[in-house]
Amino acid sequence: MLVDDVGQLDDGVEAFNRWRGEHPDAPLELTDADLSGRDLRGVDLTGAKLTRADMAGSDLSHAILDDASAEDADFTGARMHAASLQR
């Protein structure tokens, strides 16, 4: 299963994380996604491809971004308190 747009996130972080738990190996393709200004507290974006994604002004507090690639992504003004950014 491939996530190729922000549709999976439109149902909210809790529903997305539940889906993510059921599909831990699903690639998260969010290149060029507009996630600006979203409440993404606690979202699991492990391994997500966030190339050129617009994350400006989003709340990514406690989010998991381990192994994510975020080349040229815009995190201007994003809140990332206690976010995990390993590897």
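Quick notes on this one:
- Test: ASP25 is loosely packed, with under 13 Cβ neighbours inside 10 Å and without any contact (Cβ under 8 Å) to a residue 40 or more places away in the chain: yes
- Residues located in segment 43-53, provided they are more than 19 Å from ARG87 (Cβ to Cβ) and crowded, with 22+ Cβ neighbours inside 10 Å: none
- Residue within segment 71-79 that is more than 19 Å from TRP19 (Cβ to Cβ), buried (at least 17 other Cβ atoms within 10 Å of the Cβ), at pLDDT 95 or above and small (Gly, Ala, Ser) present: yes
Matching residues to (1) touching a His at 6+ places or on another chain (Cβ under 9 Å); (2) open to solvent by 30 Å² or more (accessible area, probe 1.4 Å); (3) at pLDDT below 95:
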position: ASP5; (1), (2), (3): no, yes, yes
position: ASN17; (1), (2), (3): no, yes, yes
position: GLY21; (1), (2), (3): no, yes, yes
position: GLY37; (1), (2), (3): no, yes, no
position: ARG41; (1), (2), (3): yes, yes, no
position: MET55; (1), (2), (3): no, no, no
position: HIS62; (1), (2), (3): yes, yes, no
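The values are calculated or read from the model by the stated rules, or taken from the named source; none is laboratory data. Since this is a predicted model, take the numbers as computed values, not measurements. As a convention, Cβ positions derive from the backbone with ideal geometry for all residues, glycine included, and neighbour counts pool all protein chains shown. Just the protein is used for accessible areas: all its heavy atoms, side chains included, with ligands, DNA and RNA removed. Shrake-Rupley method; radii C 1.70, N 1.55, O 1.52, S 1.80 Å.
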